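Each remark here refers to the structure printed beneath this line.
The values are calculated or read from the model by the stated rules, or taken from the named source; none is laboratory data. Note that the structure is a prediction, hence the values are computed from the model and not measured. Note that each Cβ is placed from the backbone with ideal geometry, even for glycine, and that neighbours are counted across all protein chains shown.
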Amino acid sequence: MGAEYAYAAWAIPYIGAALVLALYRTSRKIRETIAVGALLASAIFSTLTFLAVVEGETPLHYSIKWVESLDVTLGVYVDGLSATMSLVVAWLSFLIGFYSIKYMEHDPDITRYWFFFDFFVGSMQLLVLADNLLLMFIGWEGTGLASYSLIGFWYKDEEEKWVGDPGRTALGIPMFFQPSHSGVRAIVFTRLGDVGLLAGIGLIYALTGTLLIPEVAEKMPHVFAPLGARGLLYLFLLIFSLGALAKSAQFPFHEWLVTAMTGPTSVSALIHAATMVKAGVFFMLRFAPMFYETFHKTGIGHEAVTQYFYTIALIGGFTAFFMATQALVSRELKLILAFSTASQLGYMFLAIGSAGLLKEFVLGFVASFSHLMGHALFKATLFLAAGAIIHAVESRFIDDMGGLLKYMKYTFMAMFLAVLSLSGVPPLLGFWSKDAVLEAAYESHYQILYLLGLITAGLTAFYSLRMVFRVFDWELSKHVKHLIHEGHLHEAHPIMLSPYFILAILTLGMGLLWPTVFPEYAEILTKGVPGIEKVEFHAPHINVELTFQSLGLVAFGYLIAYILYGRKLDYKLLELLNTKKWAKAIHDILYDRWYLNSVYYLVFVKGGLIFARTLHDTLNLFVDSLYHKVLPALFSSSSKFFSKTLEIAVDKGYNVAVPSIFTSTSSSLFKILEQKVIDSGFNVKLVESILESGRALRKTQIGRINYYLAFFFAFLVVLAIVVFWVI
């Protein structure tokens, strides 16, 4: 029965999306009820699916024939990983959808919003629960399509919906982005990686003859052996993972996630916490165990597989550090959280990459998913709270905030708990998951991986507390004072407040219970996952030395943030920026995202335009020269040649050849007709023939009557025979 629940978990959001679209003429309340009701139903069926996996002995696998020629099924495969992921996605999506009822209440395009919202959730659930690569890819692309539509939801591009400072440029490239532009950026960046994913799926099918995920796991040696023998295994693994790197905004594909903040804040929460960016991490958690197991069982490609996992870990660690540095100076509330999301996704890739370098792969596997789940809770809290703050303050810039603690106490409490979890402060859930990630990086014996994760922990603590101080414990800005004077500043509506407050309590409660529930949780998570052997789990291991190092950096980050912003001494920092060019240069590098966005536009956009225009101008010049100079000159010289040739031909032909032909022809005809036909034939042979015929005829006239009668009767007999034969 659990398989039927899994079908319902991904199908119901699609049905809800279709119904919202079909009933667009009905009342707003009916459409909202259908959309949110579909999300709730999906969450309930995801819970039932999860319970079925927990109680069952084997993974749930059920399929219906779909494309028989390719042996493709419309099926579900639910093991511990997909069941837990589906549960997280479904309930977070429901809470964010519930929040949207109030957040989007005045938007005129609510039908389009709910259609793509439910479509987004259905696609993510399909991706997670699919039993084959083709069906998974359809869900994968569905999330991309929905993200494009929702990021560019406010396509009219009003300035208040932009991300970035209007008018600001870096290396001559604008650093402000409209919703319609941001939607295109998202789909372009992610599609670049999806080309690699699609190529990998095609190669797997060609080498294994199947697209079913459990069968692919069994036949993975058929992929490793030929590619390993040709030295292409590392390249294949990296290309196959490009889709995951792009989807989860890892360097160098991270830029799309930054500008995705142009969508509604509820959409930002959905993308950053429950769907889209977590798809890439899920992909790695699904296939990395297969790679690891195949290598260890067959011994094929030791160097290639090790290099691959190190590359993934290094990309993750660098992304975590790189994106955290940009959050240090950002002025936009949602942008700070966007940088933070990409950074924390880097931690997840750091963990799964490090897992492949460990003797106990499962430790890094569990650490990666634990951070995914913890991040989903506290980042959804932060985004939903940020939406409430922006909704109340009517500005996305933290410079327009400050002093909100007195007016939004519950929002502050939820946001502060989420910040503590994000920073890895015990006993919240973020502490346990981040500690596990750092331990996995340390145990990989690659110091650079551990150092990147450790330094990022300190940076995270600094920018997180800086954000809290600037929003809640800062001097009232002129903008806030005006709102207070007008009586417009107040706590969020309960429909908006309750989802992120519940999530904040969950991140605290789960952190408190983590040492107790961890063994059972880890056993359920790894149950039936292809490539992971069953192991016995105990309470989460804590390396005291590593924990003190990470907490020491967190404390240091908090201390610096408190000195600068808690005690309001940041004016000294402003003086430094205004008086020291090197300080201003560092600030601008971080604020303008290391100029990487500008480099992309200069190289790929402007460079592409220059190349296209140069090619266009070169071709135009070639065609113009050919048409106006070469061809006329060619035709002119050719016409002179043909004219002269024709003149000679006519002169020689008309005056010489034609008379000669007619003369010789008439001479020949004269000889034939005059001499052979007339003289010889008519005058000699014809006359002689007539005379000879006369002589023969005279011989028949002998004057005897009996001969004449005999000839007469013979003629009558012949005539009778002829007449009889004809009749």
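Considering each residue of the stretch 339-361 in turn, none proves to be among the basic types (K, R), closer than 29 Å to L134 by Cβ and over 22 Å from the mean Cα position of the chain (by Cα). Hey, could you check the stretch 16-33 for residues that are in contact (Cβ under 8 Å) with a residue 40 or more places away in the chain and not small (G, A, S) and say which is surrounded by the fewest Cβ atoms within 10 Å (Cβ to Cβ)? It comes out as Y24. Can you tell me how many residues within the stretch 538-548 are in contact (Cβ under 8 Å) with a residue 24 or more places away in the chain and surrounded by fewer than 19 Cβ atoms within 10 Å (Cβ to Cβ)? Residues flagged as in contact (Cβ under 8 Å) with a residue 24 or more places away in the chain and surrounded by fewer than 19 Cβ atoms within 10 Å (Cβ to Cβ) within the stretch 538-548 amount to 6. The set of residues in the stretch 497-525 that are free of Cβ contacts under 8 Å to residues at least 12 places away in the same chain and either outside the structural domain of T381 (by TED's automatic domain parsing) or among the aliphatic types (A, V, I, L, M) (or both) comprises L513, V517.
What are the residues in the stretch 374-400 that are crowded, with 24+ Cβ neighbours inside 10 Å and among the polar types (S, T, N, Q), if any? Scanning the stretch 374-400 gives a single hit, T381.
Checking L384 against (1) over 19 Å from P499 (Cα atoms); (2) in contact with a Pro (Cβ under 7 Å, 6 or more places away or on another chain), only one condition comes out false. Which one? L384 satisfies every listed condition except (1). Considered as a group, the residues in the stretch 49-79 that are assigned to a helix (DSSP H, G or I) and touching a Gly at 6+ places or on another chain (Cβ under 7 Å) include one that is surrounded by the most Cβ atoms within 10 Å (Cβ to Cβ), and that residue is T49. Quick one: in the stretch 265-281, which of the residues that are within 16 Å of the chain's Cα centre (by Cα) and not charged (D, E, K, R) is nearest to D107 (Cα to Cα)? So the residue we want is I271.
Just a yes or no: is a residue in the stretch 43-55 in the same structural domain as D131 (by TED's automatic domain parsing) and under 22 Å from T265 (Cα atoms)? The answer is yes, given that some residue of the stretch 43-55 is in the same structural domain as D131 (by TED's automatic domain parsing) and under 22 Å from T265 (Cα atoms). Pairing residues of the stretch 333-347 that are in the same structural domain as K278 (by TED's automatic domain parsing) with residues that are outside any helix (DSSP H, G or I) and charged (D, E, K, R), at Cβ distances under 9 Å and at least 6 apart in sequence or on separate chains, gives L333/R396; K334/R396; L335/R396; A338/E332. Taking the stated definitions as given, is Y5 touching a His at 6+ places or on another chain (Cβ under 7 Å) and either more than 30 Å from A388 (Cβ to Cβ) or assigned to a strand (DSSP E or B) (or both)? Judged against the criteria, Y5 is not a match. A single member of S86, S82, S46, S93 is more than 28 Å from G531 (Cα to Cα) and either acidic (D, E) or in a helix (DSSP H, G or I) (or both), and it is S93. Scanning the stretch 217-246 for residues that are touching a Ser or Thr at 6+ places or on another chain (Cβ under 6 Å) and touching a residue at least 60 places away in the same chain (Cβ under 8 Å) gives M220, P221, F224.
Do we have G16 as assigned by TED's automatic domain parsing to the domain that holds S123 and within 25 Å of the chain's Cα centre (by Cα) here? Yes; evaluated as a whole, the condition is true for this residue.
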